Amino acid sequence: MKRNILLTLVASIILSLSGFSTEKLPAPFKIVPQPQSVSLVKGPGLEFNALRRIALKGEFKRPVMGSILSQLPAGKANEKGTLTLTVDESLTSPGSDEGYIMTISSDRVDIAARNEKGIFYGCQSLEQLLEDAKDYKKPVPACKITDYPVLSYRAVHFDVKHHLDHMNYYYESIDRLARYKINAVVFEFEDKLRFQRQPLVGAPQSISIDEMAALTRYARDRHIEITPLVQGLGHATFILKHEEYAGLRELIWNNWAFCPLHEGTYQVLFDLYRDAIDATPGSKYLHIGGDEIGNIGLCPRCKPMAEKEGMLSLSLYWLKRVCEFAAENNRIPIFWDDMPLKQGGVYESTWSDEVTTEEAEKSWKEGTPELDKLLTDFPKNCVYMRWNYSMARQPGNIMALDWYKSRGLKAMIATATNTEGGMLFQPEELDKGLESSGISTIRSFIQLASQKDISGMLCTAWDDKSPHMENYWRGFIASAEFSWSPEGRSLEEYDNAWLQKEFGISMNDYLAINNQLRKGSELWYEAYYKKGSRLDDEAALQSLPRLEHWLPALPNQEKIQFDYTSKLIELPDLESPGTWSRKYKDRLDRSVAEVENYKLLNTRLSDNYNTSKRNRYYWELAMTLHRFQNTAPRLLLALKSVDNTDKDQQKKGMEEVKRAVVEFRNAWAELESVYSRTRFVSYPSNYIPDRYFHLASQSEDLTWMIQPEILYLGMIEKWIGNQK
Ligand SMILES: [Zn+2]
């Protein structure tokens, strides 16, 4: 026993000497992201209304503050009731430019930092604590917090490929991100910036350069950089769809990729970059995309070089040109790194869980000389963004990070808040090893980055199936949490903290409820398809003559003739009642479970809506999505009622089907209306469609979401007509 006490004493002396503390803020107080070190101090805490004024010591502007602190007037430093902010460049602790030290006692608070960033983050932490004091009617405990981030570039992704949110939603999002100490947004413009130098490219409702510059300044006041992303060599349909640019395509019939050896390619890209730079004044980075280029090296200009020097040389030529441009314009280029790894033969080892350690080692042993041979062609001013949206523990992925480091190239990592299938409710499986999904993967890759001394991360939010932006926030905030404190909270602790900070609620079974909602999404994806789901390209794409963007288009005739209803399940055959119900027993059983569970889940969501103190829109959206996805099981069960030998029952069933159709139309109208509160739900009529294999590019309004319903309801209408 004595020995234990002695050991504890020694341990706590060591901890206090190293400046760290294992202490945690007592419940209910929480700061997201988790601060590095908290020491509780004896004595009464700080009551919610104990602070009366703010004083600034040093030459700096009063920081932008949250709704509680911003109300305090200016006053004298270090007095009772004063929040004193001190900027002192000579401070050595904490050793980060973004760090701060905050001392909270019953009648005053002091925040000291080397510069304004640290002061800003200290104020964000204090705001969160005061919010808890107000929500739970308890004083903030007296304490000293020493805090700093582990990663220095903490970015989230706004991808507006297939939709655009309202400008005020972006402003609100900046405030929300700043609260969690995110310090960059990679804004992937696609055609949603009103480019001046290439005016064809911007969509009719795009954001003007002045509007984006204003958002950039607003974000900078909150210590967030907007990093523009303009896709380059591949992913260029939003540019190359215009016939005026047809001459720059690598293959004349293919919108996807530019020719890397055509000078016109650089004239267009550099014009877009110049506009993107004008739209983000003062930003440090320029993301030049560069992933999934597809087929280059095929045109008469490129073929000889591809054959003689290889594909890697050809794509590095493009990379060199765009990186030179970035350097001349005072920006650090960021580049998705998959193409060189593909061309070096090591790519599969970075993502596939089926590649064993031995196989990964073998492919890197063979691939490294290929990459090294061209090492001098890898631009040195470029940030190589290693993307992996799983747990990112594949041996080849780790070898890639090591290769960059050992070759003196700077790498950052990109994880994802939204996996395939997150169109309504997100898949979320914690601690399932490599099979995990959701925030496990975010934490896992960030932890790996921090172990490898990588200083930057981006939490991507791909728009391929264009979920509502609110779907991303739990993941965005998780990326803020773990990039600041990679080894801080457990996943469960994170969920409690996220719910408290975002909504001021607690919910002990968040994951269980989410997983039940998620089951309903899965049924909705699959409900009307014979095989697969609306998430599969093969099942879903109606507007494309061919799925693969690199294949030439079929003649129009064939496109018109294809009957997409053949992919959907047939309707009950009343000549043979019961057959249909037996055939689709599995999805009908799932439908029964969904309909039975509906009320309970709806109650839980509406309880959250009613008790949330902020961001209630999130729960309103969740209720809308839940009601909407439940239309599929209801319609299937109504069809089952018709599938009956009893004629009266058939008649009743028909009425049920008609009601289910009306219910679907109402739920859809509600979804459109709730979506339209934050985003434009359709393009203006003069928009030139940008169609390719992404599901959300299949229509110029939201109807790509309900392609199967549109077809199936058409089938039902005919079928009902035939029964008369
Ligand atoms: Zn070419």
What order, most packed first, do the peptides 126-138, 29-41, 302-314, 411-423 have when packing is the mean number of other Cβ atoms within 10 Å of each residue? 411-423, 29-41, 126-138, 302-314
For q = 0.15, 0.17, 0.24 Å⁻¹, Debye-computed log10 I/I(0) when each Cα of region 418-497 counts as one equal scatterer: -0.51, -0.66, -1.23
Magnitude of the Cβ-charge dipole (Lys and Arg +1, Asp and Glu -1) of region 368-518 about the Cα centre, nearest 20 debye, reported as 540
With -39,500 (n - 2.57) per DSSP H segment of 4 or more residues and division by the full residue count of the chain, the 222 nm estimate, nearest 500 deg cm²/dmol, is -14000 deg cm²/dmol
Residue separation times 0.36 nm, minus the C-alpha to C-alpha distance between residue 330 and residue 372: what's the value? 12.4 nm
Listed residue (615, 120, 38) projecting farthest to the positive dipole end of the chain, Cβ model: 38
Cα-projected label distance for residue 23 with residue 77, points at 7 Å along beta-carbon direction, nm: 2.6
Tell me which residues come under 5 Å, amide H to amide H, from residue 55 once H is placed; ignore anything under 5 positions away on its chain. 75, 83, 84, 85
Protection proxy ranking, peptides 453-463, 493-503, 596-606, average beta carbon neighbours within 10 Å, highest first: 453-463, 493-503, 596-606
Please give the net charge around residue 631, taking every other residue with its beta carbon less than 10 angstrom from that of residue 631, where Lys and Arg add +1 and Asp and Glu add -1. +1
Given a Förster distance of 60 Å, report the FRET efficiency between residue 301 and residue 606 from their Cβ-Cβ distance, rounded to the nearest 0.05. 0.45
Tell me the Kirkwood hydrodynamic radius of region 340-384 in angstroms, computed as one over the mean inverse distance between distinct C-alpha pairs. 11.2
Inter-label distance for residue 309 and residue 221, nm, one decimal - labels placed 7 Å from Cα along Cα-to-Cβ: 4.8
Could you compute Rg(Cα) / (2.2 N^0.38 Å) for region 228-306, with N its residue count? 1.12
With only alpha-carbon pairs counted, each pair once and no self-pairs, how large is the Kirkwood hydrodynamic radius of region 126-178 in angstroms? 14.8
Can you give the Rg to Rh ratio for region 566-621, taking only C-alpha atoms and Rh from Kirkwood? 1.28
Could you sort out which of 138/599; 192/613; 362/452; 465/651; 161/365 sit more than 28 Å apart by Cα distance in this structure? 138/599; 192/613; 465/651; 161/365
Principal axes of region 200-355: Cα extent on each, largest first, Å: 49, 40, 30
Treating only the Cα positions of region 13-167 as identical point scatterers, give the base-10 log of I(q)/I(0) from the Debye formula at each q in 0.09, 0.13, 0.17, 0.20 Å⁻¹. -0.31, -0.62, -0.99, -1.31
Heavy-atom accessible area of residue 682 with all protein chains present, probe 1.4 Å, nearest 10 Å²? 60
With a 10 Å radius around each residue's Cβ, average the other Cβ atoms per peptide and rank 153-166, 525-538, 86-99, 247-260, highest first. 153-166, 247-260, 525-538, 86-99
Just the number please: accessible area per residue for region 182-222, 1.4 Å probe, all protein chains included, in Å². 34
What is the pair-distance distribution P(r) of region 281-359, computed from all Cα-Cα distances in 5 Å bins starting at 0, with each bin given as a whole percent? 3, 13, 20, 18, 16, 14, 9, 5, 1, 0
Probe radius 1.4 Å, ligands and nucleic acids ignored: give me the carbon and sulfur share of the accessible area of the chain as a rounded percent. 52
Taking R0 as 35 Å, what's the FRET efficiency between residue 451 and residue 88 from their Cβ-Cβ distance, rounded to 0.05? 0.65
On average, how much area does the Cα convex hull of region 486-526 cover when viewed from any direction, in nm²? 3.9
If you line up the Cα atoms of region 650-705 on their principal axes, what length do they span on each, largest first, in Å? 46, 26, 19
Inverse of <1/r> over all distinct C-alpha pairs of region 596-653, i.e. the Kirkwood Rh in Å, gives 13.3
At 7 Å along Cα-to-Cβ for each site, give me the label-to-label distance between residue 210 and residue 284 in nm. 3.0
Long-range amide H contacts for residue 416: which residues qualify at under 5 Å (H placed 1.01 Å from N, peptide plane, sequence gap of 5 or more or a different chain)? 460
If the only charges are +1 at each Lys and Arg Cβ and -1 at each Asp and Glu Cβ, what is the size of the charge dipole of the chain around the Cα centre, to the nearest 20 debye? 1900
Rounded to the nearest 0.05, FRET efficiency between residue 512 and residue 138 (Cβ-Cβ, R0 35 Å) equals 0.75
Calculate, axis by axis, the spread of Cα positions in the chain along the three principal axes, and write the results as whole Å, longest axis first. 85, 70, 55
Checked against the positive end of the charge dipole of region 130-225 (+1 on Cβ of Lys and Arg, -1 on Cβ of Asp and Glu, about the Cα centre), the farthest of 205, 183, 167 is 183
Contact order normalised by length for the chain, with contacts defined as Cα pairs under 8 Å and 6 or more residues apart; what percent is it? 10
Built amide H within the under 5 Å cut-off of residue 410, gap 5+: 384
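The values are calculated or read from the model by the stated rules, or taken from the named source; none is laboratory data. Bear in mind that the values here come from a model prediction, so they are computed numbers and not experimental data. All Cβ positions, even for glycine, are placed from backbone atoms using ideal geometry, and neighbour counts span all protein chains on display. Ligands, DNA and RNA are stripped out before the accessible areas are found, and what is left, the full protein with its side chains, is counted by its heavy atoms. Shrake-Rupley method; radii C 1.70, N 1.55, O 1.52, S 1.80 Å.
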